[in-house]
1. Accessible area, 1.4 Å probe, largest first: how do Asp213, Asp19, Asp42 sort?
2. Once every Cα of region 104-279 carries one equal point scatterer and solvent is ignored, give the base-10 log of I(q)/I(0) from the Debye formula at q = 0.12, 0.14, 0.15 Å⁻¹, two decimals.
3. With viscosity set to 0.692 mPa s at 37 °C, what whole-number translational diffusion coefficient in µm²/s follows for the chain from Stokes-Einstein and a Kirkwood radius over Cα pairs?
4. Going through region 87-178, which GluC sites (Glu not before Pro) have at most 13 other Cβ atoms within 10 Å and a DSSP loop state?
5. How far is it, in nm, from the label point at Arg296 to the one at His25 when both lie 7 Å from their Cα along the line to the Cβ?
6. With Rg and the Kirkwood Rh both taken from Cα atoms, where does Rg over Rh land for region 215-325?
7. Let me cross-check Leu280: its accessible surface, 1.4 Å probe, with only protein heavy atoms counted, in Å² to the nearest 10?
8. Using θ = phi - 60° and the Karplus form 6.51 cos²θ - 1.76 cosθ + 1.60, what ³J(HN,Hα) does each residue of region 160-175 get, whole Hz, x for Gly and Pro?
Amino acid sequence: MKSPAPHVLHYGIPKPLIDVGVAEHFVPVRIPNNTDFSVLSDEEAAAVRAIAAGGGHDSIDKQFFDWLPNLEIVASFGVGYDHIDAAEAAQRGIVVTHTPDVLTEDVADIALALLLGTVRRTGQAERFLRAGHWRTGTFPLTLSLRERSVGILGLGRIGKAIARRIEAFGVPVNYCGRRRQAEVTYPYYEDLVALAGAVDTLIIAAPGGPSTDGLVDRAVLEALGPNGIVVNVGRGSIINEAHLAEALRDGTIVGAGLDVFEHEPQVPEGLLACENAVLLPHIGSASHYTRNAMARLVVDNLVAWFAGQDPLTPVAETPFRRSAA
Ligand code: NAP
Ligand code: 8YV
């Protein structure tokens, strides 16, 4: 007799393609507003063997794992998984998967859009035109990418895709991370303040979590200097937002382009008040093409796991294999 299809909880901001994939292969389970655990009986919670984590970054942690005693896999929509307690999952033998690579190029594109928007003030120029000011005057001259030098914090998949684009613009690339990478020739800085002192444009593509929390603070911004620009497509928590708003206001640096914020969708008033900040609502991966690929990868990880195959894209903390078992 065929064994019954696993029950899969689709958690987080709903993604229609994940819904379709889960419904095709599994028994879908949902909880209203993502928070009301009590709507599932103990028996229903015990039937859930997987979470398909849709959009958003609500935490998936010990409390969740306790609540779902037969959980085997969390398939997350997104490459960053700082909202998932992967170490705790590993302890319990629960595999966590994410969606690397499929979003890399789109996120790198948005980093460049933020950089150009900040340096050439394209957003302000468009608002100037729409307001009719062009009829009576010209838009003020702006900064330029020429004679700039870039430092990348987090030279991983996305960081390298950004570096390739920056190189094509003829701008030198430097980087900072926890280790020097043998496969690249860009100058390496172990220390972030030293990197910031050597460049005038800092682009952040590192993950969130305790190891990067508040890394970009007043000292880093002061080292960047009055011609300094910060672009962040990593996680909002990496920047001390109060220090950044102050630095933008008092001229410590000249501009910032941000796709991510510490407490999304809240954006600090201090940053909203800065005309020299370009602010986007976390749209790095938000194209139809990329979001569809991410949703497919979420479902494909679940399908592989329940077919007795290795997960396709597990996170480093949970390198569990089916084939080796
Ligand atoms: P990745 O390939 O793992 O790259 C992350 C890089 O960060 C690695 O080179 C790593 O290098 C470095 N890193 C890790 N911890 C660090 C630390 N404590 N200090 C300094 N560097 C550190 O990941 P990815 O695919 O490029 O994604 C990077 C991040 O981008 C994600 O985690 C996510 O937060 C963010 N993201 C944002 C969007 C968006 O829509 N804006 C979309 C996708 C991803 P070392 O290990 O050598 O330090
Ligand atoms: C997603 C992201 O928008 O992949 C990531 O780490 O930040 C984005 O691609 C997000 O994870 C979905 O909410």
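1. Listed by decreasing accessible area, they come as Asp42, Asp213, Asp19.
2. Summing over Cα pairs of region 104-279 leads to -0.51, -0.70, -0.80.
3. My calculation gives 154 µm²/s for D.
4. Glu147
5. Placing both labels 7 Å along Cα→Cβ, they lie 1.3 nm apart.
6. Result: Rg/Rh = 1.18.
7. That residue has around 40 Å² of solvent-accessible surface.
8. 5, 5, 5, 4, 4, 5, 4, 4, 5, 7, x, 10, x, 10, 10, 8
The values are calculated or read from the model by the stated rules, or taken from the named source; none is laboratory data. What you see is a predicted model, and the numbers here were worked out from it, not measured in a lab. Here the Cβ is made from the backbone with ideal geometry for all residues, glycine too, and neighbour counts use every protein chain on show. SASA here: full protein model, heavy atoms, side chains in, ligands and nucleic acids out. Shrake-Rupley method; radii C 1.70, N 1.55, O 1.52, S 1.80 Å.
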